[in-house]
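The values are calculated or read from the model by the stated rules, or taken from the named source; none is laboratory data. On a predicted model such as this, the values are computed, not experimentally measured, just so you know. When we count neighbours, we look across all protein chains shown, and the Cβ atoms used for this are built from the backbone with ideal geometry, even at glycine. Just the protein is used for accessible areas: all its heavy atoms, side chains included, with ligands, DNA and RNA removed. Shrake-Rupley method; radii C 1.70, N 1.55, O 1.52, S 1.80 Å.
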Amino acid sequence: MHGETTGALRRDAIGLREVLFQSITAMAPAAAVAASIPSGAAFAGGSLPLAVLVALVACLFTASCVAELARELPAAGSVATYAARGLHPSVGFLVGWAYVFVEMLVPPLLLLQLGFTTAGTLHEQWSSYPADLWWPWSLAGALVITVSGYLGVRASARFGTVLGVFEILVFLVFAVWLIGKAGDANSLSVFGTSHTAEGHAGAGGVFAGSVYTVLAFAGFEAAAPLAEETRDPRRTMHRAVLGAALSIGVFYVVTTYAMTVYFGPDRFAAFGASGAASWEGVARASFGFFWVLVLLAVVNSTIANANACANVSTRTAFALARIRVLPRLLATLHPRHRSPVAGIAVQTVVALGAVLGLGFAYDPVTAFLLLATVIVTVVVGVYIVVNLACAGHFIRGGRAVLKPVRHLLFPVLGTVAFVPALMTAAGLPVFDFVTELTTPVSYAGPVVGIWMAVGVVVLLVLIRRHPERIAETGRVHLDAYDAAGHRQEGTVPR
């Protein structure tokens with residue numbers, strides 16, 4: 001049986017610690033603190049800690065919905081399965097179609113960031129190093145991620161855990177140092193609205209800042225696709241998804257508070273992702289060699305995030321290929337490691353193609369922005385659908401399981417919180433703080449539209465020719481295999 005290249009993923013391979021850090025590293029906490037969250041400072045200014053706190057509360061509504069569904073429906077298909085059971089199998093297929101697409105684009109996104117961050121820093125330190133020699137670092141990162149995934153979920157998840165612990169510790173130590181250095185400047189006023197940026201006074205500035213900060217929470221659901229490889233998945237998935245969103249949210253609040261009071265809340269509107277007014281800039285100017293640790297934490301964060309999202313894309317693709325709504329080849333497993341080797345190979349080819357193709361066609365930073373816009377637009381849309389699926393699933397379950405606050409109120413609040421983020425990510429000027437996208441980043445909308453149109457065509461073909469496969473998107477496969485990945489007697493292969 002160990003020579004099988006089909007069947008189940010390895011059961012009971014990992015526990016709470018590994019799946020918790022699967023979600024944590026998918027959120028890229030160090031990179032988010034250094035590069036993503038500061039974008040909200042242009043609106044919230046020195047009240048950014050309050051904006052982060054508001055974003056945390058907003059994201060916990062959706063995280064609760066995902067956690068509830070992950071406990072009820074532990075499946076590698078995760079969000080696709082949730083949408084299929086809570087809304088309709090056709091919706092589940094389209095969610096899975098979109099989710100596999102964007103999760104396969106996350107590793108090249110992070111590999112581009114790894115490349116231009118490393119090359120730019122080396123050029124700044126040693127001018128003889130070419131600033132445009134970014135691609136070797138991206139290729140090295142791709143190799144690390146591919147090998148990690150090939151060796152199986154246990155190796156990949158433990159690798160992610162080590163990376164995640166390192167980046168969090170570096171920024172927490174730095175945050176404590178900043179708070180100490182701030183001395184009398186420490187103040188709870190940054191959790192009020194008195195320090196917002198000019199032109200964005202009061203609650204409006206905080207709201208705008210929180211919308212940009214919400215995007216830093218994307219990835220909290222990344223534990224869910226590992227359900228079939230996790231011990232006690234119903235309990236573990238619930239704790240991992242909520243634990244990751246809450247713990248990293250608190251991490252964001254603490255680190256943002258630390259930098260705000262140290263840098264000065266009344267001039268924090270000028271704070272950004274690069275230059276003197278940035279995390280690296282402050283570390284470089286005031287704390288000597290410590291800036292190297294900050295840089296290493298950010299670089300580490302890109303690799304950890306790419307590793308986690310490669311796990312997500314390959315497991316979701318495996319789940320959809322298993323029921324033959326994607327090519328059956330993607331369900332191929334390594335006979336020993338039980339890793340989805342065909343999916344890993346496809347993920348690697350997509351990553352290399354996107355990194356080198358887009359990176360050289362434009363430049364690595366522009367390619368990064370284009371991919372980020374595609375990814376965030378789809379992921380936020382998926383979150384909104386999952387909120388609706390949570391309500392749908394538990395309403396169908398009847399009064400015995402329906403909890404009005406968790407299963408009705410939270411989905412509504414989560415949807416309300418993510419709609420502004422969706423408009424912002426897509427560059428739709430519904431709000432005055434939304435910036436319209438410029439070329440080529442504006443190509444993100446057509447790219448998403450074309451991909452989803454192809455998905456609708458595939459869906460219609462499957463409904464006509466193989467309607468039973470679409471119905472299978474809502475199936476939870478966990479009970480069909482034993483812990484070693486062997487099919488239990490009495491179960492019928494699909």
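Of a type in the set (A, V, I, L, M), part of a helix (DSSP H, G or I) and touching a Cys at 6+ places or on another chain (Cβ under 7 Å): does that describe Ala306? Can you show your working first?
Values: of a type in the set (A, V, I, L, M): yes; part of a helix (DSSP H, G or I): yes; touching a Cys at 6+ places or on another chain (Cβ under 7 Å): no.
It is false that Ala306 is of a type in the set (A, V, I, L, M), part of a helix (DSSP H, G or I) and touching a Cys at 6+ places or on another chain (Cβ under 7 Å).
Out of all the residues in the range 191-205, which are in a helix (DSSP H, G or I) and buried (at least 24 other Cβ atoms within 10 Å of the Cβ)? Before the answer, list the steps.
Restricting attention to the range 191-205, the residues satisfying the condition of being in a helix (DSSP H, G or I) are 191, 202-205.
Scanning the range 191-205 gives a single hit, Gly205.
Could you identify the single residue in Val91, Val52 that is part of a helix (DSSP H, G or I), surrounded by fewer than 24 Cβ atoms within 10 Å (Cβ to Cβ) and either modelled with pLDDT of 95 or more or on the phi < 0 side of the Ramachandran plot (or both)? Outline the logic, then answer.
Numbers: Val52 fails: surrounded by fewer than 24 Cβ atoms within 10 Å (Cβ to Cβ).
When all the criteria are applied, what remains is Val91.
Looking at the range 206-223, which of the residues that are assigned to a helix (DSSP H, G or I) and under 12 Å from the mean Cα position of the chain (by Cα) is farthest from Gly45 (Cα to Cα)?
Of all residues in the range 206-223, those assigned to a helix (DSSP H, G or I) come to 206-217, 220-223.
Filter once more, keeping what is under 12 Å from the mean Cα position of the chain (by Cα): 214-217, 220-223.
Working: Val214: 16, Leu215: 17, Ala216: 17, Phe217: 20, Phe220: 26, Glu221: 29, Ala222: 31, Ala223: 33 Å.
Top of the filtered list is Ala223.
Regarding Ala425, is this residue touching a residue at least 40 places away in the same chain (Cβ under 8 Å), over 18 Å from Leu105 (Cβ atoms), in a helix (DSSP H, G or I) and open to solvent by less than 20 Å² (accessible area, probe 1.4 Å)? Before the answer, list the steps.
Details: touching a residue at least 40 places away in the same chain (Cβ under 8 Å): yes; over 18 Å from Leu105 (Cβ atoms): no; in a helix (DSSP H, G or I): yes; open to solvent by less than 20 Å² (accessible area, probe 1.4 Å): yes.
Answer is no for this residue.
Picking from Met104, Met27, which residue would you name as being open to solvent by 10 Å² or more (accessible area, probe 1.4 Å) and touching a residue at least 12 places away in the same chain (Cβ under 8 Å)? Steps first, answer last, please.
On the way: Met27 fails: open to solvent by 10 Å² or more (accessible area, probe 1.4 Å).
Going through Met104, Met27 in turn, just one is open to solvent by 10 Å² or more (accessible area, probe 1.4 Å) and touching a residue at least 12 places away in the same chain (Cβ under 8 Å): Met104.
Let's see how each residue does on (1) touching a Phe, Trp or Tyr at 6+ places or on another chain (Cβ under 9 Å); (2) more than 30 Å from Ala471 (Cα to Cα); (3) open to solvent by 10 Å² or more (accessible area, probe 1.4 Å):
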residue	(1), (2), (3)
Met237	no, no, no
Leu242	yes, no, yes
Arg267	no, yes, yes
Gly272	no, yes, yes
Ser278	yes, yes, no
Val298	yes, yes, yes
Ala304	yes, yes, no
Asn311	no, no, no
Ser339	yes, no, no
